[in-house]
Amino acid sequence: MGFALRPGLSFARVGDRLLFLDIRHDRYFCLSPSAEAGFVRLIAGDDLSATDLGAVERWRADGLLVDIESAAMPQPCRPPPVTATSLDSDDTATPWKVATALSALVRSRIALKIAGLGRVLHNLEQRKASDVRPRPKADLLATATAFHQASLLASPLDQCLVRSLAIARRLAMVGFRPDLVIGVKLQPFAAHCWVQYETLLLNDRADMVRDFTPILVV
């Protein structure tokens, strides 16, 4: 028997600490140093002390861990490494595409306020799973360009989460399977969000996202 984190939970190793993201409650948290050491031993498959076993039972009772039939253990997310960014393109978008992107930014902001992050991400997962025939890859770059230009026109809406949700939802609607990535860093704490398609970064620059450790990939 193995364990998995309950749906809506993910984690990352950031420096020498483990940081957890609870999408359902829209919060980040760390375990105590002693509990974290036990969690590290658990996911590494090391021998567990009586204290560790007690902690595992508490995590199961609290819903942090759920039982699974395989011997697998929770693991940090690992998105594909970024090798290029669409922002290096000199292309320009048509006014219609920019207007569509602006509308998507507004809808994304409203959806976050009304539905919350957990439901919005769940809807994104469902859209990515739908059977839609994708457009040519050139449309992917054109969409990224349109959102970049739109963000320059609507700075109050140009928040990384709003922007990333908008472009990911738009691409999923037309059949692409983009990855929405949330990254974190500590000392001081900061979170950032971006979208990539395979190894192509769509709405940010590599030197910006490399400072953040991915904690969730949708």
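The values are calculated or read from the model by the stated rules, or taken from the named source; none is laboratory data. Just so it is clear, the structure is predicted and the values come from calculations on it, not from any experiment. Reconstructed Cβ throughout: ideal geometry from the backbone, glycine too, with neighbour counts over all protein chains shown.
Things to note:
- Only a single criterion out of (1) modelled with pLDDT of 80 or more; (2) farther than 18 Å from G8 by Cβ is not satisfied by L87, namely (1).
- Checked against the criterion of being in the same structural domain as D91 (by TED's automatic domain parsing), more than 20 Å from K97 (Cα to Cα) and buried (at least 16 other Cβ atoms within 10 Å of the Cβ), the range 171-179 contains one or more residues that satisfy it.
- Unique match (being under 30 Å from L202 (Cα atoms), touching a His at 6+ places or on another chain (Cβ under 9 Å) and touching a residue at least 24 places away in the same chain (Cβ under 8 Å)) among L9, L21, L5, L87: L87
- Search result, residues across the range 172-192 that are in contact (Cβ under 8 Å) with a residue 24 or more places away in the chain and assigned to a loop (DSSP other than H, G, I, E, B): V174, G175, F176, R177, P178, L186, Q187, F189
Residues are listed down the side, and each one gets a yes or a no for (1) modelled with pLDDT of 90 or more; (2) farther than 22 Å from D22 by Cβ; (3) surrounded by 19 or more Cβ atoms within 10 Å (Cβ to Cβ):
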residue	(1), (2), (3)
G116	yes, no, no
T145	yes, yes, yes
Q159	no, no, no
P188	yes, no, no
L201	yes, yes, yes
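Okay, residues lined up against (1) exposed (fewer than 13 other Cβ atoms within 10 Å of the Cβ); (2) not assigned by TED's automatic domain parsing to the domain that holds A154:
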site: G38; (1), (2): no, yes
site: R41; (1), (2): no, yes
site: S49; (1), (2): yes, yes
site: R78; (1), (2): yes, yes
site: T94; (1), (2): yes, no
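- Cross-chain or 6+ apart pairs with Cβ under 8 Å, the range 135-157 first and more than 15 Å from E198 (Cβ to Cβ) and basic (K, R), then at pLDDT 80 or above and surrounded by 13 or more Cβ atoms within 10 Å (Cβ to Cβ): R135/V174; R135/G175; R135/F176
- Count of residues meeting criterion [more than 18 Å from A166 (Cα to Cα) and touching a residue at least 24 places away in the same chain (Cβ under 8 Å)] in the range 199-208: 2
- Test set (1) part of a loop (DSSP other than H, G, I, E, B); (2) of a type in the set (D, E); (3) surrounded by 14 or more Cβ atoms within 10 Å (Cβ to Cβ) - D131 fails condition number: (3)
- Test: residue in the range 69-88 that is of a type in the set (S, T, N, Q), farther than 30 Å from A115 by Cα, touching a helix residue (DSSP H, G or I) at 6+ places or on another chain (Cβ under 9 Å) and in a loop (DSSP other than H, G, I, E, B): yes
- Applying the condition of being assigned to a helix (DSSP H, G or I), charged (D, E, K, R) and under 27 Å from V217 (Cα atoms) to the range 23-57 and asking which residue is nearest to the chain's Cα centre (by Cα) yields E36.
- Single match in L152, L112 (criterion: at pLDDT 90 or above and aliphatic (A, V, I, L, M)): L112
- Candidates A146, A150, A138, A206: the one that is of a type outside the set (D, E, K, R), closer than 26 Å to T92 by Cα and in contact with a Lys or Arg (Cβ under 7 Å, 6 or more places away or on another chain) is A146.
- Counting only residues that are crowded, with 19+ Cβ neighbours inside 10 Å and either hydrophobic (A, V, I, L, M, F, W, C) or not assigned by TED's automatic domain parsing to the domain that holds S89 (or both), the range 190-199 holds 3 of them.
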